[in-house]
Each structure stands twice: as structure tokens, then as C-alpha cells.
Amino acid sequence: MLVGLGLGPGNPELLTLRAVRLLKEADTIFVPGRIAADLVAPYGDAVMLDFPMTDNEEKIRSCLEANAEKIAPVAQNGLAVFGILGDPNFFSTFSRLCGIIAERYPGIEYRTEPGISSITAFASAAHVPLTGGFVVSDGAEPSALIRLKARHPQEIIAGLKAEGYREFVLVERMFFPDMKVYRDDEIPKKSDYMSVLYARR
């Protein structure tokens, strides 16, 4: 098993309780650099992997392949934890790494565990309350949106389809014991107040 683990924005006190537990349980901890290595140091020695900051796709692919070869033997036989600053689902290389592992080692299971992302950390550090709709981008044209409090998801989806959105995922009561995840045609007409709808063009 490979777990992409969010380590938060860099402060050791902002690690989640689940992150601490998984770091202690890991057979091997992998990290992309010194900051992450220092964060996980109280819970285990980390293997630092090379993730170059470059636009050279050939070099990026080569490094991802090399890293996959280091992680795979651990993930095949035990628990490999890959600790990432922020959250592994927000602008992270973890999804690309998993794509390569899936190609070469289709038997390896992988999942993510959330951490405090730079988006929520920014709001706290800057004392900026994000109470309305807003756009987050790394400079690319936004192709997806997240809608909170999606109590009538089918009504919302009908409007989004008219705007060109085609892929939908609804998570109801996220991380509660009765959490449910629906995709596309499975999505109900009504859902709990604590529901989040994801849409992608």
C-alpha cells in the first residue's frame, strides 16, 4: 500500500493526528525534500527523493520513474508513506507518481490522506476570510469547480452541464462514519447539508 500523506504548510504543530499515526506505522517514509524530511523526523527517518523543479517533461518523467522504482518494493510488501507539504490532492506530483506506479505495478494500491493545504493555510496566515466563491489556479485556465452545501445536486448539475461540465462527483458527510461518494449517474436528487460537489469540464 502507498499512502500520499499531507503534512500541512510546514509547521510541525499542523500535522494531523492521522498523519502522525501513519508516519509511525510506515515501513518506509518517502519525502520530496528537506522541509518534509524535517517535519517527519520525530516519527521516523525519511528517504528523500528527487523531484526537480523544471518544465522539462522528459526529465520529470525520468525522475518519476526512478522514484516509482524506489517506492514500489516497499508498497508491494508493506506500508509506504509519501509525505508531501500541504495536501497530496492540490497541485501535487503524487497523482503523476501514482500514474506511473499503476502502469508498472498495477497490483499496488494507493490512496491519499488530507493535510492542511496552502489555500486554507493562506486564509489563516493572512487573516482573509474566504466567505464567497473564489478561484484557485496555478496559472492554468480553471477546468473544474467545487460547490459546497450541495443539498440539491441534480439541480446544480443541470446548470453546470449547460456551462460545459461533464464529470461530477458528490461526497456526502465527508470523513464521517456514514460518508458516501457518488459519481455521475449515481448522484441523488437530494443530499445532506454537509455535501461537496465536484464538477469538471
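The values are calculated or read from the model by the stated rules, or taken from the named source; none is laboratory data. Given the structure is predicted, the values throughout are model-derived calculations rather than measurements. Please note: Cβ atoms are built from the backbone with ideal geometry, for glycine as well, and neighbour counts cover all protein chains shown. The area values use the complete protein model at the heavy-atom level, side chains included, leaving out ligands, DNA and RNA. Shrake-Rupley method; radii C 1.70, N 1.55, O 1.52, S 1.80 Å.
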- Item | Fully extended contour minus Cα-Cα distance, from Ile146 to Arg183, at 0.36 nm per residue | 11.9 nm
- Task: Work out from phi, with θ = phi - 60° and the Karplus expression 6.51 cos²θ - 1.76 cosθ + 1.60, the ³J(HN,Hα) of each residue of the stretch 179-188, listed in order in whole Hz, and give x for Gly and Pro.
- Result: 4, 10, 10, 10, 10, 6, 5, 7, 5, x
- Length added when fully stretched, Ala158-Phe175, from 0.36 nm per residue minus Cα-Cα: 3.4 nm
- Query: Taking Lys180 as the anchor, which lysines have their alpha carbon closer than 25 Å to its alpha carbon, excluding any fewer than eight residues away along the same chain?
  - Reply: Lys149, Lys161, Lys189, Lys190
- Cα-based reach from Lys59 at 19 Å (exclusive), listing lysines while leaving out same-chain residues under 8 positions away: Lys70
- Query: Summing Lys, Arg as +1 and Asp, Glu as -1, what charge do residues with Cβ under 12 Å from the Cβ of Ala80 carry, Ala80 excluded?
  - Reply: -1
- Query: Highest mean first, what order results for 35-44, 5-14, 176-185, 57-66 on Cβ atoms within 10 Å?
  - Reply: 5-14, 35-44, 57-66, 176-185
- Message: Given an 8 Å cut-off on Cα distances and at least 6 residues of separation, report the relative contact order of the stretch 76-201 as a percent.
- Response: 23
- In whole percent, the fraction of accessible protein surface over the stretch 126-165 that belongs to carbon or sulfur atoms, probe radius 1.4 Å, stands at 54
- Note on the structure: Counting only residues 5 or more apart in sequence or on a different chain, those whose built amide H sits under 5 Å from that of Leu7 are Ile84, Leu85, Gly86
- Query: Debye sum, Cα scatterers, the chain, no solvent: what log₁₀ I/I(0) at q = 0.08, 0.13 1/Å?
  - Reply: -0.32, -0.85
- Report, by chain and number, residues whose modeled amide H sits under 5 Å from the one on Ser195, excluding near sequence neighbours (fewer than 5 apart, same chain). Lys149, Ala150, Arg173
- Could you give the distance between the Cα centres of the stretch 98-118 and the stretch 1-31, to the whole Å? 14
- Item | Charged-residue dipole, Cβ positions (Lys, Arg, Asp, Glu), the stretch 1-66 about Cα centre, Debye nearest 20 | 260
- Message: Please compute one quarter of the surface area of the Cα convex hull for the stretch 128-190 and express it in square nanometres.
- Response: 5.8
- In whole percent, what relative contact order does the stretch 1-100 give with Cα contacts below 8 Å and a gap of six or more residues? 43
- With charges only on Cβ, +1 for K and R and -1 for D and E, what is the dipole size of the chain about its Cα centre, in debye, rounded to 20? 580
- With the 1.4 Å probe rolled over protein heavy atoms, the chain has an accessible area per residue in Å² of 61
